[in-house]
Structures are given as structure tokens and as C-alpha cells.
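Bear in mind that the values in this text are calculations on the coordinates, not laboratory data. This one's a predicted model, so the numbers in the text were calculated from it and none came from an experiment. Don't worry about glycine lacking a Cβ; one is built from the backbone with ideal geometry, like all the others, and counts go over all protein chains shown.
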Amino acid sequence: MAHPGFKKAWTKIVAEPVERSTYVLLSSAALILLFAFWQPMGGTVWEVEGSTGRAILYSLFGFGWALVLVSTFLINHFDLFGLRQVWLFFRGKEYTHLPFGTPGPYKLIRHPLYLGWLLAFWVTPSMTVAHLLFAIVTTAYILVANQFEERDLKKFLGQAYVDYCTKVPMIIPFTKRNKDVAGDTQASG
């Protein structure tokens, strides 16, 4: 639903100001269904028993969730979830896209939200088979969807985003950047 082609088709069904918020609503409904109908699978993949190791892992887990939350506010939480679009429409004002910026962690990585999710999914002192399956599938989704998002951002934001890609790694901070022949970037992170 985040892809521009889907958005174009979707806005023939729903009003444009509610397109983003319906995406968020339907995504949330899909997650609720996933959680409601999740069937436990037996087995433990790993279990960290030492209190220091558990404290470190829970701290990184918490950092991941905090990074997700902070990142949404840095790029405008209300725009991201479609609330700004609805509010502006309700007030009779035209929606304008927010300017491209790189606040806070966006100076270190292009997708701190994804890093936060990955930390939240993977960094745990107790990894069960079910949790591992969830982590693998969501990681695969993030990595695939990110490729489409990057392509769309380059089209929408143009040279400013292309230049940003050459300087800032995708998900893993402090990794080297490489340029390919076409001038597009390959992220090592």
C-alpha cells in the first residue's frame, strides 16, 4: 500500500487526504490479526541467562523501540501516520509535502526506523522458534520494501536524495559507502 502505484489506485476508492491514514489503519489491522491468530511453536533457539547479558540485550531492545519512536517524530510523526493530511483537509488547507531533511539519526543512517525495528525484533535474551520466524519474515520484508522505498524516494526527492545516498549508509551506521558505475549507490549497511 506504500507504493505510489497502489496509492494512485487507492485514491480512486478513498479521498486523497485519508489515503495515508487508511494505509496505517489497514496495516495495524493486519498486525492485530497476525497477533490474534499467531500459533505458538515450540523450542528455544537461545536463552541468555546471565544478568549482565540480559541487561545489555534488554537495553538494546529498548533502544530499538526508542529509536523507532524518536525517528517518527523527527520526520513528523503526524505526517507519517496520515494525521497531518486529515487535519489540514478538515481545516480546509491544502496539503504540502514536508521538505527533505536529515535530523538526528538521519545524519548517520537513511533508515533509523528500520534499524530500530531490527533491534526490537532480534535483540532479545530469549529467542523462541516462533519469535525467530517472526524476526526472519519481518527482516526480509524490511530489506525488500526498503529497495522499493529507496527507488521511490530518489524519484520523488531527486538529486538531493541521490546525494544523501552517496554519503549516508542505508541501515547500519559507520559503514563504508561505495558508488557503482551508474552513479547510484550500493549500501553496505
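Residues in segment 126-178 that are among the charged types (D, E, K, R) and out of contact with any Pro (no Cβ under 9 Å at 6 or more places or on another chain): how many? Spell out how you get there, then give the answer.
Quick first cut of segment 126-178, residues among the charged types (D, E, K, R) only: 149-152, 154-155, 163, 167, 176-177.
Now drop any that are not out of contact with any Pro (no Cβ under 9 Å at 6 or more places or on another chain), which leaves 149-151, 154, 163, 167.
Looking only at that region, the number is 6.
For segment 55-71, check the following and say yes or no: at least one residue is hydroxyl-bearing (Ser, Thr, Tyr) and within 24 Å of residue 163 (Cα to Cα).
At the first step, the residues of segment 55-71 found to be hydroxyl-bearing (Ser, Thr, Tyr) are 58-59, 71.
Pick out the ones that are also within 24 Å of residue 163 (Cα to Cα) and you get 71.
Yes; the residues of segment 55-71 include at least one that is hydroxyl-bearing (Ser, Thr, Tyr) and within 24 Å of residue 163 (Cα to Cα).
I want to confirm something. Restricting to segment 84-143 and keeping residues that are touching a residue at least 60 places away in the same chain (Cβ under 8 Å) and of a type in the set (Gly, Ala, Ser), which single residue is surrounded by the fewest Cβ atoms within 10 Å (Cβ to Cβ)?
Per the criteria, the residue is 126.
Before we move on, is residue 45 in contact (Cβ under 8 Å) with a residue 12 or more places away in the chain, surrounded by 13 or more Cβ atoms within 10 Å (Cβ to Cβ) and either assigned to a helix (DSSP H, G or I) or of a type in the set (Lys, Arg) (or both)?
Numbers: in contact (Cβ under 8 Å) with a residue 12 or more places away in the chain: yes; surrounded by 13 or more Cβ atoms within 10 Å (Cβ to Cβ): yes; either assigned to a helix (DSSP H, G or I) or of a type in the set (Lys, Arg) (or both): no.
The answer is no for residue 45.
Looking at 102, 96, 72 in this structure, which one is closer than 25 Å to residue 120 by Cα and part of a loop (DSSP other than H, G, I, E, B)? It would help to see each step written out before you state the result.
Details: 96 fails: closer than 25 Å to residue 120 by Cα; 72 fails: part of a loop (DSSP other than H, G, I, E, B).
The unique qualifying residue is 102.
Select from segment 116-141 the residues that are closer than 20 Å to residue 73 by Cα and of a type in the set (A, V, I, L, M, F, W, C) and list them in ascending order.
Of segment 116-141, the ones closer than 20 Å to residue 73 by Cα are 116-120.
Selection gives 117, 118, 119, 120.
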